[in-house]
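Derivation of every value follows stated rules applied to the coordinates shown; laboratory data play no part. What you are looking at is a predicted structure, and each value in this text was computed from that prediction instead of being measured. All Cβ positions, glycine included, derive from the backbone under ideal geometry; neighbour counts span all protein chains shown.
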Amino acid sequence: MSYVPPPRKTAAELRSARWFGPADLRSFGHRSRAMQMGYSPEEWTGKPVIAIINTWSDLNPCHTHFKQRVEDVKRGILMAGGFPVELPAISVSESYVKPTTMMYRNMLAMETEELLRSHPVDGAVLMGGCDKTTPGLLLGATSMNIPAIFVPAGPMLRGNWGGKVLGSGSDSWKYWDELRAGKITEQDWLGVEKGIARSHGTCMTMGTASTMTAIAEAVGMVLPGGSSIPAADANHIRLCSESGRRIVDMVWEDLTPARIQSHAAFENAIAVAMAMGCSTNAIIHLIAMARRAGQDIGLKDFERYSRKVPVIGNVRPSGSTYLMEDFFYAGGIKGLMGVIREHLDLSCVTVTGKTLGENIADAKVYNDDVIRPLDKPIYGEGSLAVLTGNLAPSGCVIKPAAMDQKFLKHSGPALVFDDYPSMKKAVEDENLDVTADHVLVLRNAGPQGGPGMPEWGMLPMPKKLLKEGHRDMLRLSDARMSGTSYGACVLHVSPESYIGGPLALLKTGDIVEVDVDARTINMRVSEEELAARRAAWVAPPVRFERGYGWVFTKHIQQADEGCDFDFLRTDFGAPVSEPVI
Ligand code: FES
Ligand code: MG
């Protein structure tokens, strides 16, 4: 079905005209205050006012360049006859924000929605990229539903240490384990520390950042090819000004997120996520984004696409060699979408006003080891698997593409920890009663229990096993893991243990059985025994008694529902109307 655009807007129909247009006292105030800032009426009258939601901060190394890039966005907006206004929003830096950025994704989403609603703006440029900023900005813009375009921060350059290429996250874990196993020196470790992040931009492995920006593009919210451009590349500067130019026209065309974010657009995003070997976090964010857009997407859809779309993006951690910089040179996301075009709905309209099919018509792959053909994938099918069973009735997730394949079917005794600090301490004990067959379990790490589902899911390998030469074991939690992590880690167990999900009933020594082919996960404990344990279960103490944490705990939904706040659901209450001016 081809897209039929609505009639073009007139200047009088601009949302901002309600603030600036009328010959009354209120509008007098708005105009005189604009003049207080040094603007002349010629600069805004009859022009789309474009909000630039900038998630720059002095403590977000992934967005350092946004301080300059916002000027490039403004240049584009001015060129196209718009009036740019910068509205900063919470930055949610993955590196620094504790206990976890996931606590604040929904805060950024609310802030974005309310910034757009409360100000005289007609369209929005969303500047994000560091993990949660992408879904946060898009969730808010989707609920507000004025024309919006996403500008990804772009991945940083490849890391380098002593001639070795280093990948964000993945190589930190790898060399940390090597250090703990006594295979590298403290001096080497310092070299890794200096060399692993060499430029501004987001993590350059296929972590959550690159997965989410690719998803933003696949769903139609980024200019074609934009999500793969490295942050330090001049192409990125031009992407910023071009996005500024384009949003002005999007306002005249009334090209809103609702017109772009169809069910098919989200299916395209899932297909791309699978082909990229996506971060497991993508599942949670994509479900939340789709549901905000009123589209029913769930774990079953990931399972469906995982079965048919192979991983062809040979980027770490699913791939073994390459990083996002290589992916860009190889043709980037456009190249990848070209290869999987048979799995995409090419009729979906995008921010260009054109269809996805038109956008990728000239897609090319320049290195088919980085972006593989469909018949030479790096992982055939099932790069992500959704498991269910008596341990996770609402599902959990594992990433077979990034784990030791011998754990795909495994049963072993559970070694259970109730909190992260005690587990962290125990794994350092070289006398710990653990074997490579054990299943290491952490609970109370879910949306409410963590709180905020910290990225603890790649539970650290016990030192004893590392010294024995093991580098993987089956691990199980209701936490998330970083997109740059790897290993046989079962994540997002739903419902979570903190609210009494079955994981809360597991005991050390119980046999846990995982069968990825059959998509099952069970504990070998009888129904009667589980019922007795359930009756004896005592809820852990409350985490927050006031403030944002309190709101979070009261309203956060489970992982399989996208961890959105229940009161932000599209179908919650009545739609919010435009403010009275
Ligand atoms: Fe910002 Fe990884 S820390 S993207
Ligand atoms: Mg991350």
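A few notes on this one:
- Couplings for the stretch 549-561, taken from phi via the Karplus curve 6.51 cos²θ - 1.76 cosθ + 1.60 with θ = phi - 60°, read x, 5, 4, 4, 4, 5, 10, 6, 8, 6, 4, 5, 9 Hz in order; Gly and Pro are left as x.
- Cysteines in the chain lacking a second Cys C-beta under 4.7 Å: Cys203, Cys240, Cys278, Cys348, Cys396, Cys489, Cys563
- The residues Ile50, Ile229, Ile196, when put in order of fewest to most other Cβ atoms within 10 Å, stand as Ile196, Ile229, Ile50.
- One way to sum up the overall shape of the stretch 75-139 is the equivalent ellipsoid from its Cα gyration tensor, whose semi-axes run 25, 13, 8 Å, largest first.
- Mean Cα-pair separation over length for the stretch 364-416, i.e. relative contact order, pairs under 8 Å, 6 or more apart, %: 23 percent
- Where only alpha carbons of the stretch 223-316 are counted, the Rg and the Dmax (Å): 15.5, 41
- Contour excess over end-to-end distance, with Cα ends at Arg307 and Thr570 and 0.36 nm allotted per residue: 91.7 nm
- Ranked list, fewest to most other Cβ atoms within 10 Å of each Cβ, for Leu432, Leu59, Leu336, Leu137: Leu59, Leu432, Leu336, Leu137
- Proximal charge balance of Arg569 [Cβ under 10 Å; K/R count +1, D/E count -1]: -2
- Largest-first ellipsoid semi-axes for the chain, taking √(5λ) over the Cα gyration tensor eigenvalues, angstrom: 41, 26, 22
- Cα-only Debye scattering, the stretch 158-198: base-10 log of I(q)/I(0) at q = 0.31, 0.32 Å⁻¹: -1.12, -1.17
- The stretch 515-569 versus the stretch 465-510: alpha-carbon centroid distance in Å: 14 Å
- Exposure proxy ranking for Ser16, Ser477, Ser262, based on other Cβ atoms within 10 angstrom of each Cβ and starting from the fewest, stands as Ser262, Ser16, Ser477.
- Rounded to the nearest 10 degrees, the angle from helix 281-292 to the longest Cα principal axis of the chain is 40 degrees.
- Take the Cα of Ser95, step 7 Å toward its Cβ, do the same at Arg117, and the gap between the two points is 3.4 nm.
- Net length available on complete extension from Arg524 to Ala23 is 172.9 nm, with 0.36 nm assigned per residue and the Cα-Cα distance removed.
- Efficiency of FRET from Cβ geometry, Glu13 and Gln405, R₀ 56 Å, rounded to 0.05: 0.45
- Stokes-Einstein diffusion for the stretch 460-581 at 25 °C, viscosity 0.890 mPa s, with a Kirkwood radius from C-alpha pairs, works out to 136 µm²/s.
- The stretch 293-350 and the stretch 135-156 have Cα centres separated by 19 Å.
- Taking the three principal axes of the alpha carbon atoms in the stretch 385-536, the coordinate ranges are 41, 31, 30 Å, sorted in descending order.
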